[in-house]
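J.: Got a structure here, written out as structure tokens. Questions coming.
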Amino acid sequence: MLPSWITRRMLSSGKASLVVVTDSGGVRTLLLNNPKRRNVLSLEMLEALRDGVTSAPAETRLFLLTAGREKVFSAGHDLVDLKNNPTEYQRRVFGTSSAICLMMQRSPRPFVASVYGLAAAAGCQLVASCDVVVAADTAKFSVPGTKVGLFCCTPGVPLTRAVPSKVAMEMLFTGRAISAQEALRSGLVSLVVPSDKLEEETEHVVQSIISNSAAVLALGKQYIYSQMGATPSAAFEQGTVTMVCNLAHPDAQEGIAAFKEKRAPKWTTPKGK
């Protein structure tokens, strides 16, 4: 079953794409679309996902990453495929996956993940790299590489930046899948909702985000990620500079005026444009 806001479309050769891309109201939805193979992150899937991000039109305000109501959001990389291919190919797969995650965090646009089922290994890596994660109460998250003798090093990069180190190391050492509620307590997801409300609650979050100024969201996202590696004093200093610059932006001027006048603000980039 597909989320209500997604309409499938064929992208090539009469075959369903591995990633179904749709645009609506400033939101680009990226639907992982290989459920028969548990949305395995093959090189082809990763390249399709990357292209779905890089080809977004200028009016895109937000990216939504989802697998619909599948029991598996993504099982991660295709381990058999990796094992049967040379080192150069393996580097390309891991490198492409890592590049996508960096692209997501460096993009001025917010990335929201909507997760119904299991996000494992590199699938968990994708989720942990998103800015906001809406999880159904049926969702689970794991980095189970140790169970097959392959430590989840690259998935561990965003995971250890999203949750406390003790939680991350327990997940990485044991391979145990954590529940949506455990993920919420740990900071891996933003909110947990009943499974039958996932689409509705995700849409609410998405609309709440894009109702704000795109320029201010971009400025804020860049600052928040850049200050994470700084000392508190450097972060406060840069934060002060950023807020002063933000105050001079037309959208800040408009927002403050609208607040004073008790009306809705009119941003320089209107919703859905």
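The values are calculated or read from the model by the stated rules, or taken from the named source; none is laboratory data. In this text the structure is predicted, and so the values were computed from the model without any measurement. Cβ: placed from backbone, ideal geometry, glycine included. Neighbour counts: every protein chain shown. Note: accessible area is taken over every heavy atom of the protein model, side chains too, but ligands, DNA and RNA are not part of it. Shrake-Rupley method; radii C 1.70, N 1.55, O 1.52, S 1.80 Å.
J.: Mind counting the residues in the range 163-216 that are farther than 30 Å from T268 by Cβ and of a type in the set (G, A, S)?
T.: The number of residues fulfilling the criteria is 10.
J.: For the subset of the range 1-55 comprising residues that are open to solvent by 20 Å² or more (accessible area, probe 1.4 Å) and of a type in the set (A, V, I, L, M, F, W, C), which member is modelled with the lowest pLDDT?
T.: Applying the filter and picking the extreme gives M1.
J.: Restricting to the range 29-55, count the residues that are in contact with a Leu (Cβ under 7 Å, 6 or more places away or on another chain) and free of Cβ contacts under 8 Å to residues at least 40 places away in the same chain. Talk me through it step by step, then tell me what you get.
T.: Here is the first cut: in the range 29-55, the residues in contact with a Leu (Cβ under 7 Å, 6 or more places away or on another chain) are 29-30, 33-34, 39, 44-45, 48-49, 52.
Now narrow it down to the ones that are free of Cβ contacts under 8 Å to residues at least 40 places away in the same chain: 29-30, 33-34, 44-45, 48, 52.
Final tally of qualifying residues: 8.
J.: I'm told V133 meets every condition in (1) assigned to a strand (DSSP E or B); (2) surrounded by fewer than 16 Cβ atoms within 10 Å (Cβ to Cβ) except one. Can you identify the failing condition by its number?
T.: V133 satisfies every listed condition except (2).
J.: Here is a further query. Condition check: out of contact with any strand residue (DSSP E or B) (no Cβ under 8 Å at 6 or more places or on another chain), surrounded by 15 or more Cβ atoms within 10 Å (Cβ to Cβ) and of a type outside the set (D, E, K, R). Does S114 satisfy that?
T.: Numbers: out of contact with any strand residue (DSSP E or B) (no Cβ under 8 Å at 6 or more places or on another chain): no; surrounded by 15 or more Cβ atoms within 10 Å (Cβ to Cβ): yes; of a type outside the set (D, E, K, R): yes.
No: the conditions fail for S114.
J.: Please determine whether any residue of the range 77-84 is in contact (Cβ under 8 Å) with a residue 24 or more places away in the chain and either under 23 Å from T29 (Cα atoms) or of a type in the set (K, R) (or both). Step through it out loud before you land on a result.
T.: In the first step, residues of the range 77-84 are kept if they are in contact (Cβ under 8 Å) with a residue 24 or more places away in the chain; the result is 77-79, 81.
Then drop every residue that is not either under 23 Å from T29 (Cα atoms) or of a type in the set (K, R) (or both), which leaves 77.
Checking the range 77-84: at least one residue is in contact (Cβ under 8 Å) with a residue 24 or more places away in the chain and either under 23 Å from T29 (Cα atoms) or of a type in the set (K, R) (or both).
J.: Looking at the range 168-192, I want the residues that are within 16 Å of A121 (Cβ to Cβ) and have a partner that is among the aromatic types (F, W, Y) with Cβ atoms under 8 Å, at least 6 apart or on another chain. Which pairs are those?
T.: Close Cβ pairs satisfying both conditions: M171/F141; L172/F151; A177/F141; I178/F141; A183/F141; L188/F141.
J.: Out of the residues in the range 56-70 that are without any contact (Cβ under 8 Å) to a residue 60 or more places away in the chain and out of contact with any helix residue (DSSP H, G or I) (no Cβ under 8 Å at 6 or more places or on another chain), which is surrounded by the fewest Cβ atoms within 10 Å (Cβ to Cβ)? Walk me through how you get there before you give the answer.
T.: Residues of the range 56-70 that are without any contact (Cβ under 8 Å) to a residue 60 or more places away in the chain, as a first pass: 56-58, 60, 63, 67, 70.
Next, only the ones that are out of contact with any helix residue (DSSP H, G or I) (no Cβ under 8 Å at 6 or more places or on another chain) stay: 56-58, 60.
Values: A56: 18, P57: 8, A58: 6, T60: 17.
The residue in question is A58.
J.: List the number of the failed condition for T154; all other conditions in (1) open to solvent by less than 10 Å² (accessible area, probe 1.4 Å); (2) assigned to a helix (DSSP H, G or I) hold.
T.: Just one mismatch for T154, condition (1).
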